[in-house]
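First comes the structure, then the notes that go with it.
The values are calculated or read from the model by the stated rules, or taken from the named source; none is laboratory data. Not measured: the values here are computed from a predicted model. Cβ placement follows ideal geometry from the backbone for every residue including glycine, while neighbour counts extend to all protein chains displayed.
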Amino acid sequence: MAKKKVKFAYWPQAILALAALTTVFCALYFLNKGRSSDDVLSTEQPQSPSLPGLSLIDFQNKELALKDMLSGDKNLLIFWATWCGPCVDEMKKMPELLPKLKQKGYSTIFLNYDPPEKRKIAAIFAQKNGITTAFDAKGDILYNLGLSALPVTLLVDKSGKILKTFQGELNESKL
């Protein structure tokens with residue numbers, strides 16, 4: 001008696017599952033590349049740098065000192081980018097929100113995360129929406145703070161101590 005050959009009908013699903021697992025493992029590898037095994041296994045956030053010592057630059061590539069920008073005990077450091085949809089929505093609401101924030105005693109510092117070749121676009125967008133902005137000179141502030149998504153806002157006192165972190169679009173009800 002001849003054996004009947006059995007077809008494996010789930011090849012497409014098996015290949016897709018293997019591709020998905022490979023993608024996940026590659027993403028995890030590249031996200032954790034350069035970190036020690038203690039960092040990867042730790043549930044703690046990376047050490048926060050001293051905010052006043054951060055390297056910021058303006059649209060003319062002049063270095064800015066954050067400590068000089070912190071004007072009071074209620075400073076909002078708002079991280080945004082023109083490629084981030086929720087950030088764009090948040091920035092479009094700023095002309096209405098900024099006077100309310102100022103009335104409540106908040107000063108605002110906008111920190112843009114567009115790449116250098118897109119900074120002119122960010123400058124035009126910022127000006128159109130009534131804000132002035134600076135850039136993260138090294139592009140690593142968010143990572144060093146343990147943050148990975150935009151938009152995000154930090155409430156910082158005059159010494160640079162982070163008092164609170166707001167994920168997502170900033171609005172008056174969050175403050």
Query raised in the report: Is at least one residue of segment 110-126 surrounded by 12 or more Cβ atoms within 10 Å (Cβ to Cβ), modelled with pLDDT of 90 or more and under 20 Å from residue 175 (Cα atoms)?
Result: yes
Query raised in the report: When segment 73-95 is examined, which residues are found to be farther than 18 Å from residue 116 by Cβ and free of Cβ contacts under 8 Å to residues at least 60 places away in the same chain?
Result: 85, 88, 91, 92, 94, 95
Report task. Could you tell me whether segment 160-172 includes any residue that is modelled with pLDDT of 90 or more, within 17 Å of the chain's Cα centre (by Cα), in a strand (DSSP E or B) and buried (at least 19 other Cβ atoms within 10 Å of the Cβ)? Result -> no
Requested in this report: Considering only segment 65-82, state which residues are at pLDDT below 90 and not charged (D, E, K, R).
Outcome: 65, 66, 69, 70, 71, 72
Requested in this report: Have a look at 85, 53 and point out the one that is surrounded by 10 or more Cβ atoms within 10 Å (Cβ to Cβ), within 15 Å of residue 135 (Cα to Cα) and at pLDDT 65 or above.
Outcome: 53
Query raised in the report: Among the residues of segment 125-137, is there at least one that is in contact with a Cys (Cβ under 8 Å, 6 or more places away or on another chain) and of a type outside the set (A, V, I, L, M)?
Result: no
Report task. Mind checking which strands (runs of 3 or more DSSP E) fall wholly inside segment 72-138 and carry at least 1 residues that are among the charged types (D, E, K, R) and in contact with a helix residue (DSSP H, G or I) (Cβ under 8 Å, 6 or more places away or on another chain)? Result -> 133-136
Query raised in the report: Here are some conditions: (1) in a helix (DSSP H, G or I); (2) of a type in the set (D, E, K, R); (3) touching a helix residue (DSSP H, G or I) at 6+ places or on another chain (Cβ under 8 Å); (4) buried (at least 19 other Cβ atoms within 10 Å of the Cβ). Residue 67 meets all but one. Which one does it not meet?
Result: (4)
